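Undergrad: One structure is given below, represented as structure tokens, and several questions about it will come after.
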Amino acid sequence: MGLFPFIILHLCLLVMFETCIASIQQFGKIYPGYQASQMVYIDNKGIFLLSNNVKFAFGFYTSLDVTLFLLVIIHIPSSKVVWTANRDLLVQRTDNFVFGKNGNVYLERGNGVVWSTNTTGETTTSMELRDSGNLVLVGVGGRILWQSFRHPTDTLLPGQEFLEGMQLKSFPNRNNLSQHLEFRSGDLVLSAGFETPQVYWSITNDSRKTNNGISGKVHSVTLASSSWNFYDQNKTILWQFVFSKNPGWNAFWAAVLGSDGSISFYNLQKGASNCTPEAIKIPQSSCATPQPCGPYYICYFENRCQCPSLLSSHSDLCMPHMNLTCDGSKSSVKLLHIGDDLNYFALNFVTPLMTSDLNACKEACLGNCSCLVLFFESSSGSCFLFDQVGSFQRSNAGSTGYISYVKVSGGPSPVIGNGRKHIFLIMVVAFATVMVIFGLLYAGYWCHHKKKILIQYPLDDSEEDNFLDNLPEMPLRFSYNYLSRATKNFSTKVGHGGFGSVYIGVLPDGTQVAVKQLESTGQGTKEFKAEVTTIGNIHHVHLVNLKGFCAEGPHRLLVYEYMSKGSLDKWIFSKNGDGHLLDWDTRFNIALGTAKGLAYLHEECEVKIVHCDIKPENVLLDDNYVAKVSDFGLAKLMNREQSIVYTTLRGTRGYLAPEWITNFAISEKSDVYSYGMVLLEIIGGRKNYNSRANSEKSHFPSYASKMWEEGKLREILDTELKIDENEERVVTAIKVALWCIQEDMHLRPPMTKVVHMLEGSCAVPPPPTYSQLGSLSGFSKWGSQGPASSGVLNGYFSDEALSDVRLSGPR
């Protein structure tokens, strides 16, 4: 009896000891006989194997159902899953991962197996999780028996060779459709996973690849730096697909086939919070993927969806009612015409069923019980039939598109054959004739009226429509009548300028908007295009949001989010109606927010955007006094490779950088100068030039620089501000402003550096003093690490150059 309790205690201790040993995470490799489950490693979130560089982890990952798990490889810094073993068959907490001594590695589910390396009988020595993210089963002599890089799921990593016979498969979308990346006949293609796969992209048809004129058969693909490289069977590079212009010295790229059907490129090194996809993707347009909308919907403007009007009136939820039968009878189905100018993603990659006329194409679809949709091209007579379908597209500008029919339930279209129907037809023809006569009379009047309109508004509408329709990620397009109702016939004006008036409006969902109605035809038209082009597809908390536009006949309108506090000039140059004074904290946050908006334009957009008209009137404030840069009608776009650019004079006197006046090339540093002027005005609560002030104080920047040199900071501050002039943020803001308004653009800091200095994350060197403004050879040009030597600056502060006059007309 005394021995029994001792044995029980010994067994309990042994079980506890083995459990503790089992739950210790392994580094680099595991060995035959190893087992793991989510339950055992629950304290480590299911992770049981880490790579030696601790960048990758192998273990159990919780699915949407917290009781079921996937066996995955995770990139730890970005928290992204890069490989999955059991995507379709999830396991429970107690199910085991097993490294069998018989050479096979597998994942159990109950009494079955849901995943395996299929290496039973091989002599294995270890399984390694390498620093590249590759999970490798190693045999005798280091021979690789199996590796995850040869069995990818939806992600490719640097150094991973994607070969013929391999496939990427996306997670299913909301309609349970997956997409595949694979090789076909020497080409790399993306296809929709219907029963009969439908191709929607191929590398040979993508004009964005380098060496586009070279032809060849693709045998392998690898990620290298910021490009996707394509090789033939001899390892000779055929093409490169460059997906990032800012690769970064330590970038770690991943190509991911998403459930939306597009391949996106992520720099995993940015970490979980900043790991966003590059702007360049495959295919570039969302509408070129199989199902950006539901089946039968029309995709337009990238991600907007609309059911064909004839189909929506015929069925619920944009799904044709139909029971497919193959009994040879056509009486139970008919074809519903849904459009003459549609397109479909697969049409560029399939051969037509036949070349004929439309009636023969329709008969072919009616006679094929599997046919759901037909597309017919009038110019070539090509007839295409599909047994499954995704989303439709609008035809491209300049293309006639395809005539499209959908098969629906119902009897065949009636044939007019009796007398009553002939009488009805005659009445219709007679009525139509009368209407044509009236139509011709009206058309004559309209043509006469149109000539007058075209004289007044010489814009080529079709040309501009093509321009607007081809813009990527274009904002919503409103009709003139819609905006007229939203603004109550433009009854409440809240602003006015040389290019037009601004009215307040309310959309049907209750959202307040500001509607700018452009009135001039010359510069106003240029401003309209510039505005839609520039901010139509960029979004930032410190940039005003363009919600949409109207381009209809002579009408050109821009619809913005409504900024209830108006523009900054109303708050810093004079007290508003209720006598409210902006305190220092609010002013500083406005200055910092404006700097962040400009830094985004200069550094983070696909192209460099120079605003060209930074002034207090173009800094708007919302309910919480959050600053947003607005009015991009004069903006200049620059390639990332360009450091300077020549352009026509634009902007507002008083905020123009010297290079504008002297006809030198401008750059984003020209915006920095304007920002410096605005920052000084925020600090001082006065305009940068005041002819009514005494001669010393009339030009505020010169006066502020002199007061800085003499240590009289109180003289620079707004007299109504109650704040210590030696407060750290006050001193920082003054120094930053004086750096920004240097005559030599190379002395001005970039806006990203301005943001860092205002946030206190880097030191601000003393700016040049007033006595040194004429000769600054000892001062610095701003580089990535700070200043470096500069040349001599010439004086530039004249009353004429700094008078507050808008060069391109007021706004």
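Undergrad: Here's a check for you: in the range 605-624, which residue that is acidic (D, E) and surrounded by fewer than 24 Cβ atoms within 10 Å (Cβ to Cβ) is farthest from the chain's Cα centre (by Cα)?
TA: Of the range 605-624, the ones acidic (D, E) are 606, 613, 617, 622-623.
If we keep only those that are surrounded by fewer than 24 Cβ atoms within 10 Å (Cβ to Cβ) too, we end up with 606, 617, 622-623.
On the way: E606: 10, E617: 29, D622: 24, D623: 27 Å.
Applying the filter and picking the extreme gives E617.
Undergrad: Now a separate question. Filtering the range 550-593 down to residues that are among the acidic types (D, E) and in contact with a helix residue (DSSP H, G or I) (Cβ under 7 Å, 6 or more places away or on another chain), which residue is modelled with the lowest pLDDT? Explain how you work it out, then say what you get.
TA: Within the range 550-593, the first condition is being among the acidic types (D, E), and the residues that meet it are 552, 561, 569, 578, 583, 585.
Among the residues that remain, those that are also in contact with a helix residue (DSSP H, G or I) (Cβ under 7 Å, 6 or more places away or on another chain) are: 552, 569.
Working: E552: 85, D569: 89.
Here the answer is E552.
Undergrad: Moving on to the next point. Looking at (1) closer than 19 Å to L621 by Cβ; (2) at pLDDT 75 or above, find the lone condition where F478 falls short.
TA: Here F478 clears every test but (1).
Undergrad: Out of the range 48-69, which residues are surrounded by 20 or more Cβ atoms within 10 Å (Cβ to Cβ), within 31 Å of the chain's Cα centre (by Cα) and not aromatic (F, W, Y)?
TA: A57
Rundown of residues vs (1) within 29 Å of Y266 (Cα to Cα); (2) of a type outside the set (K, R); (3) assigned to a loop (DSSP other than H, G, I, E, B); (4) at pLDDT below 95, yes/no style:
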| residue | (1), (2), (3), (4) |
| --- | --- |
| L49 | yes, yes, no, no |
| F58 | yes, yes, no, no |
| T67 | no, yes, yes, yes |
| I73 | yes, yes, no, no |
| V82 | yes, yes, no, no |
| N86 | yes, yes, yes, yes |
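Undergrad: Looking at (1) within 29 Å of Y296 (Cα to Cα); (2) surrounded by 13 or more Cβ atoms within 10 Å (Cβ to Cβ), which is the one condition that is false for E195?
TA: Of everything listed in (1) within 29 Å of Y296 (Cα to Cα); (2) surrounded by 13 or more Cβ atoms within 10 Å (Cβ to Cβ), E195 misses just condition (2).
Undergrad: Something else: Give me the helices (runs of 4 or more DSSP H) completely within the range 702-811, filtered to those with at least 3 residues that are at pLDDT 90 or above and in contact with a Pro (Cβ under 8 Å, 6 or more places away or on another chain), ordered by residue number. Lay out the reasoning, then the answer.
TA: Numbers: elements: 728-740, 751-759, 799-802.
Hits in the range 702-811: 728-740.
Undergrad: Do you know which residues across the range 212-245 are without any contact (Cβ under 8 Å) to a residue 40 or more places away in the chain and under 26 Å from the mean Cα position of the chain (by Cα)? Before you say what the answer is, go through the steps one by one.
TA: Going residue by residue through the range 212-245, those that are without any contact (Cβ under 8 Å) to a residue 40 or more places away in the chain are 212-218, 225-229, 231-240, 242-244.
The answer is N212, S225, S226, S227, W228, N229, W239, Q240, V242, F243, S244.
Undergrad: If you scan the range 226-265, which residues turn out to be among the polar types (S, T, N, Q), surrounded by fewer than 21 Cβ atoms within 10 Å (Cβ to Cβ) and closer than 22 Å to C605 by Cα?
TA: Once the filter is applied, which keeps residues that are among the polar types (S, T, N, Q), surrounded by fewer than 21 Cβ atoms within 10 Å (Cβ to Cβ) and closer than 22 Å to C605 by Cα, the range 226-265 yields S226, S227, S244, N246, N250, S264.
Undergrad: Considering only the range 670-677, I want to know if a residue exists there that is among the charged types (D, E, K, R), over 22 Å from A627 (Cα atoms) and not in a loop (DSSP other than H, G, I, E, B). Break it down stepwise before answering.
TA: First, the residues of the range 670-677 that are among the charged types (D, E, K, R): 671.
Checking the rest, the ones that are also over 22 Å from A627 (Cα atoms) come to none.
Within the range 670-677, none of the residues are among the charged types (D, E, K, R), over 22 Å from A627 (Cα atoms) and not in a loop (DSSP other than H, G, I, E, B).
Undergrad: Given the criterion assigned by TED's automatic domain parsing to the domain that holds M757 and crowded, with 23+ Cβ neighbours inside 10 Å, identify the matching residue among E715, E681.
TA: Selected residue: E681, the only one of E715, E681 that is assigned by TED's automatic domain parsing to the domain that holds M757 and crowded, with 23+ Cβ neighbours inside 10 Å.
Undergrad: Name every residue in the range 230-264 that is within 14 Å of S170 (Cα to Cα) and either of a type in the set (K, R) or in a loop (DSSP other than H, G, I, E, B) (or both), in order of residue number. Show your work before the answer.
TA: Going through the range 230-264, the residues within 14 Å of S170 (Cα to Cα) turn out to be 255-264.
Listed by number, the residues that qualify are G258, S259, D260, G261, S262.
Undergrad: A further question on this structure: Could you please let me know if W146 is within 30 Å of I237 (Cβ to Cβ), among the hydrophobic types (A, V, I, L, M, F, W, C) and either over 32 Å from the mean Cα position of the chain (by Cα) or assigned to a strand (DSSP E or B) (or both)?
TA: Numbers: within 30 Å of I237 (Cβ to Cβ): yes; among the hydrophobic types (A, V, I, L, M, F, W, C): yes; either over 32 Å from the mean Cα position of the chain (by Cα) or assigned to a strand (DSSP E or B) (or both): yes.
Answer is yes for this residue.
Undergrad: Also, quick follow-up: Is it true that F97 is outside any strand (DSSP E or B) and either surrounded by fewer than 17 Cβ atoms within 10 Å (Cβ to Cβ) or under 41 Å from the mean Cα position of the chain (by Cα) (or both)?
TA: Working: outside any strand (DSSP E or B): no; either surrounded by fewer than 17 Cβ atoms within 10 Å (Cβ to Cβ) or under 41 Å from the mean Cα position of the chain (by Cα) (or both): yes.
So F97 fails the test.
Undergrad: Still on this structure: Inspect all residues belonging to the range 685-698 and state whether any of them is among the polar types (S, T, N, Q), in contact with a Ser or Thr (Cβ under 9 Å, 6 or more places away or on another chain) and either in a loop (DSSP other than H, G, I, E, B) or modelled with pLDDT of 90 or more (or both).
TA: First, the residues of the range 685-698 that are among the polar types (S, T, N, Q): 688, 690-691, 694-695, 698.
Among the residues that remain, those that are also in contact with a Ser or Thr (Cβ under 9 Å, 6 or more places away or on another chain) are: 690-691, 698.
When the remaining residues are screened for being either in a loop (DSSP other than H, G, I, E, B) or modelled with pLDDT of 90 or more (or both), the result is 690-691.
Yes, some residue in the range 685-698 is among the polar types (S, T, N, Q), in contact with a Ser or Thr (Cβ under 9 Å, 6 or more places away or on another chain) and either in a loop (DSSP other than H, G, I, E, B) or modelled with pLDDT of 90 or more (or both).
The values are calculated or read from the model by the stated rules, or taken from the named source; none is laboratory data. All values derive from a computational prediction rather than experimental measurement. Every residue, glycine among them, receives a Cβ derived from its backbone with ideal geometry; neighbour counts consider all protein chains shown.
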